[in-house]
Amino acid sequence: VLGFILLVVATLATAAGVLYYRFNVDSYRIVFFADVIGYMGAVCTGTQYLPQIWETWRLQDAGSLSVVMLVMQLPGQFAVVIFQAFLNNANVSTWLPNIFSILEVSVLLVLITVFAVRNCIARRRVADDLRLINDDDDDDDDGD
């Protein structure tokens with residue numbers, strides 16, 4: 001049901017965009033509808049990374065999440081915001097979703113970095129402890 005609703009909304013948004021940009025139909029209703037669709041997109045975009053943020057927090061690890069993808073996505077999102085907001089003077093509903101993506105990807109990258117450093121330190125401690133135990137066992141064997 002939700003997929004069907006999203007399909008209908010996307011179709012209506014596309015039709016409104018075609019009327020506005022292709023045929024220069026400048027109606028208050030079309031502009032208002034486009035703004036509403038933009039804000040709905042901002043809500044969807046603003047929540048798209050929340051499950052991943054939660055899962056990363058819960059696992060305390062990046063899992064199979066591609067850090068390279070996230071690092072590559074940030075500059076692209078910044079470029080879109082700069083172009084839409086400052087160079088194109090677009091409505092806030094156009095570039096606000098990208099601000100949400102920037103914030104969420106940044107949170108994910110910080111979480112992944114913190115957990116990776118913490119896990120690396122923990123592995124080193126375990127390796128050092130094992131080395132000490134092995135060295136201690138070797139010393140005991142020499143004394144017999």
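The values are calculated or read from the model by the stated rules, or taken from the named source; none is laboratory data. Keep in mind it's a predicted model, so treat the numbers as computed, not measured. Because the Cβ atoms are built from the backbone with ideal geometry, glycine has one as well, and the counts that use them run over all protein chains shown. Ligands, DNA and RNA are stripped out before the accessible areas are found, and what is left, the full protein with its side chains, is counted by its heavy atoms. Shrake-Rupley method; radii C 1.70, N 1.55, O 1.52, S 1.80 Å.
For the reader, a short list of remarks on this structure follows.
- Candidates 62, 42, 90 - the one that is crowded, with 18+ Cβ neighbours inside 10 Å and not in a helix (DSSP H, G or I): 62
Here's the yes/no breakdown for (1) over 28 Å from residue 109 (Cβ atoms); (2) in contact with a helix residue (DSSP H, G or I) (Cβ under 6 Å, 6 or more places away or on another chain):
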site	(1), (2)
27	yes, no
31	yes, no
36	yes, no
39	no, yes
45	no, yes
49	no, yes
56	no, yes
62	no, yes
71	no, no
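For every residue, the table says whether it meets (1) closer than 21 Å to residue 98 by Cβ; (2) of a type in the set (D, E, K, R); (3) touching a residue at least 60 places away in the same chain (Cβ under 8 Å).
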{"residue": "2", "(1), (2), (3)": "no, no, no"}
{"residue": "7", "(1), (2), (3)": "no, no, no"}
{"residue": "10", "(1), (2), (3)": "yes, no, no"}
{"residue": "13", "(1), (2), (3)": "yes, no, no"}
{"residue": "18", "(1), (2), (3)": "no, no, no"}
{"residue": "32", "(1), (2), (3)": "no, no, no"}
{"residue": "35", "(1), (2), (3)": "yes, yes, no"}
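- Of the candidates 130, 111, the single residue that is open to solvent by 90 Å² or more (accessible area, probe 1.4 Å), of a type in the set (A, V, I, L, M, F, W, C) and either modelled with pLDDT under 90 or in contact with a helix residue (DSSP H, G or I) (Cβ under 6 Å, 6 or more places away or on another chain) (or both) is 130.
- On the stretch given as the stretch 26-74, residues that are among the aromatic types (Phe, Trp, Tyr) and more than 17 Å from the chain's Cα centre (by Cα) total 4.
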